[in-house]
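The values are calculated or read from the model by the stated rules, or taken from the named source; none is laboratory data. Worth saying up front: this structure is predicted, and the values here are computed from it rather than measured. Note that we place each Cβ from the backbone using ideal geometry, even for glycine, and neighbour counts take in every protein chain shown.
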Amino acid sequence: MKKAKFAVGYGSICGGCDVAFTDVGTKLADLAEIAEIVYWPAVVDGKIERLEEVSNIDVGVYFGAVRTDEHETVLRLLEEKSAILVAFGTCSCYGGIPGLGNVETSESLLATAYSNAPNTRAEGVPSLEEITIEELKMPKLRDYTSSPADLVEFDVFVPGCPPPVQSVIDLIDFVKDYRENGNVPDAFFLAKEGTVCEYCEREKPDKISIEKVMRVHESDLDEDECFLSQGVLCLGPVTRAGCGEEPRCTSKNMPCRGCFGPTPKIRDQGTKFLSSIASSIMLGKEKQISEEELMRLLTEGIIDPVGLFYRFALPVAIINRKHQEK
Amino acid sequence: MTMTFEPKITAFLCKWCGYAGADMAGTSRIKYPPTVTPVRFPCTGRIDLSHILEALRESDGVLIAGCHTPNDCHYIRGNYQAFKRITVLKTFLKQMGINPKRVRLDWISASEGRKFAETIHDFTYELRDLGPFVMEQNEVIQ
Ligand code: SF4
Ligand code: SF4
Ligand code: SF4
């Protein structure tokens, strides 16, 4: 039987998604057996000309978010040439961690990275525009990060930052199934429908009232009790399940940070959580303190809502990029 | 003469106080600028932050008006839920470079028709100063 043509293209990535593939161990050998890897910068060849040349890709996988023109070029080439297009990793599904850059303008991001940060020397900031030096091109840095899923239509979504080993195994099985039976799924999620809380074993009280927002290191955590009821912010209630039989983080005594993105019923993960956390603060006890005191609890308890609640899905939020106002 | 910018306000009003206050302004024939589109809610505690942000995308400012604290809310603490949510929302708006004054919370009772009209006057002036809220968004398929 002919091997399936398999390609992986990159947007704005951290490298973790590549590592997730190597984590499956010997199962990777299965992939090599059923698929011919025609393009994958970390594995075979990373030149864009190579991707332009190949045709009839069976499974095209995209890692990362879209921040430069080049990222979009790779995404569009994969879309055009692949029978099945896979969004792999939270960056590809929702914009992910690189999307946090949307709280700043591109100019100020470059200024921080190249000049203002304490560990850099102030020797000029590169241009935002495309730069060509001899044959080499530096693509234009765009104004903001986009979620690839907003730009093209994917057939399969694999959320997770990075996706768990099981998802990679499922994806490989899926390439096998396509090669043998030609099955093309329709907007298929390698995840569960419910929330992380539904799979979390910690004891949950009926009603949660937070008197003080605590950070992990500030509290003496009870390992069997829900984080939220101990005042530690955990995104379980708004996050899609599927990262493990038991959630990857809560079972290791860390709160969920929301890496699987919003549950299918939620339009905006961060906004939803912001609403529910705000109402949990001093729930039922609001009248015991003054409004000033209540306001202070809220503003001092939650100083970085974007970093906490939109860590993985800012590019798909209702308000998703920096505005310029007085 | 240049045209002055007229802001668009979306107002989320609870049916017991804010909305009844707007009604009172109407029946008392108190004048206020035609800048406001009222939306009636059962209680300010029912307003999710996503409602406010979706409304802000289409307006220049969002007003939320409900029953006075501490004890006027018909559902006991709905007004406090709104107070708490809008407080954290303002931190978020600042981070995103949006002036937090574009979202405004006021307590207006059923008898305060005059206060409703004054609030609209005041908010309209404030938003005229701030100028239009331009929502630049990602290009989205479909
Ligand atoms: S999804 Fe996470 S692991 Fe994968 S590229 Fe993005 S940031 Fe890295
Ligand atoms: S909030 Fe976190 S700790 Fe609590 S039940 Fe949900 S996932 Fe578990
Ligand atoms: S517990 Fe939450 S943050 Fe951790 S892996 Fe699962 S979804 Fe991601």
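Name the residues in the stretch A:29-56 that are farther than 30 Å from A:K140 by Cβ, touching a residue at least 40 places away in the same chain (Cβ under 8 Å) and surrounded by 12 or more Cβ atoms within 10 Å (Cβ to Cβ), would you? A:D30, A:L31, A:I34, A:A35 - these are the residues of the stretch A:29-56 that are farther than 30 Å from A:K140 by Cβ, touching a residue at least 40 places away in the same chain (Cβ under 8 Å) and surrounded by 12 or more Cβ atoms within 10 Å (Cβ to Cβ). When B:I76 is tested against (1) more than 30 Å from A:G101 (Cβ to Cβ); (2) among the β-branched types (V, I, T); (3) within 10 Å of chain A (Cβ to nearest Cβ); (4) in contact with a strand residue (DSSP E or B) (Cβ under 8 Å, 6 or more places away or on another chain), only condition (4) is not met.
For the criterion of being away from ligand 3 (no atom under 16 Å from the Cβ), farther than 29 Å from A:F188 by Cβ, within 14 Å of chain B (Cβ to nearest Cβ) and modelled with pLDDT under 95, A:S106 passes. Looking for something farther than 20 Å from B:T10 by Cα, touching a residue at least 24 places away in the same chain (Cβ under 8 Å) and either surrounded by 21 or more Cβ atoms within 10 Å (Cβ to Cβ) or facing chain A (nearest Cβ under 7 Å) (or both) - is there at least one such residue anywhere in the stretch B:93-109? There is no residue in the stretch B:93-109 that is farther than 20 Å from B:T10 by Cα, touching a residue at least 24 places away in the same chain (Cβ under 8 Å) and either surrounded by 21 or more Cβ atoms within 10 Å (Cβ to Cβ) or facing chain A (nearest Cβ under 7 Å) (or both).
For the stretch A:36-80, name all the residues that are more than 16 Å from ligand 1 (Cβ to nearest atom) and under 17 Å from A:D186 (Cα atoms). Across the stretch A:36-80, the qualifying residues are A:D58, A:V59, A:G60, A:E79, A:E80.
Where strands (runs of 3 or more DSSP E) fall entirely within the stretch A:133-192, those with at least 1 residues that are of a type in the set (G, A, S) and either within 13 Å of ligand 1 (Cβ to nearest atom) or on the phi < 0 side of the Ramachandran plot (or both) are at A:141-146. For the stretch A:171-193, taking the residues that are surrounded by 15 or more Cβ atoms within 10 Å (Cβ to Cβ), under 18 Å from A:C259 (Cβ atoms) and not aromatic (F, W, Y), the one that is farthest from ligand 2 (Cβ to nearest atom) is identified as A:L171. As an exercise: evaluate A:V196 against (1) within 14 Å of another protein chain (Cβ to nearest Cβ); (2) touching a strand residue (DSSP E or B) at 6+ places or on another chain (Cβ under 6 Å); (3) within 16 Å of ligand 3 (Cβ to nearest atom) and give the number of the one condition it does not meet. Unmet for A:V196, out of (1) within 14 Å of another protein chain (Cβ to nearest Cβ); (2) touching a strand residue (DSSP E or B) at 6+ places or on another chain (Cβ under 6 Å); (3) within 16 Å of ligand 3 (Cβ to nearest atom): (1). Across the stretch A:266-278, the number of residues qualifying as within 7 Å of another protein chain (Cβ to nearest Cβ), part of a helix (DSSP H, G or I) and surrounded by fewer than 22 Cβ atoms within 10 Å (Cβ to Cβ) comes to 1.
For the subset of the stretch A:242-264 comprising residues that are near ligand 2 (Cβ under 10 Å from one of its atoms) and in contact with a Pro (Cβ under 7 Å, 6 or more places away or on another chain), which member is nearest to the other protein chains (Cβ to nearest Cβ)? Going through the qualifying residues, I end up with A:C256. For the residues A:R257, A:R248, the requirement of being out of contact with any helix residue (DSSP H, G or I) (no Cβ under 8 Å at 6 or more places or on another chain), touching a residue at least 60 places away in the same chain (Cβ under 8 Å), within 11 Å of ligand 3 (Cβ to nearest atom) and not in a helix (DSSP H, G or I) singles out A:R248.
Of the residues making up the stretch B:28-43, none is facing another protein chain (nearest Cβ under 8 Å) and part of a loop (DSSP other than H, G, I, E, B). Is it true that some residue in the stretch A:21-32 is within 16 Å of ligand 1 (Cβ to nearest atom), assigned to a helix (DSSP H, G or I) and at pLDDT below 95? For the stretch A:21-32, residues within 16 Å of ligand 1 (Cβ to nearest atom), assigned to a helix (DSSP H, G or I) and at pLDDT below 95: present.
With respect to the conditions (1) more than 11 Å from every other protein chain (Cβ to nearest Cβ); (2) over 20 Å from A:I277 (Cα atoms); (3) modelled with pLDDT of 95 or more, B:I64 falls short on a single one, namely (2).
Evaluating A:R296 against the criteria (1) at the interface with chain B (Cβ under 9 Å from one of its Cβ atoms); (2) without any contact (Cβ under 8 Å) to a residue 12 or more places away in the chain leaves one unmet condition, (1). Just one of the listed residues (A:V152, A:V158, A:V168) is surrounded by 15 or more Cβ atoms within 10 Å (Cβ to Cβ), more than 16 Å from ligand 3 (Cβ to nearest atom) and modelled with pLDDT of 95 or more, and it is A:V152.
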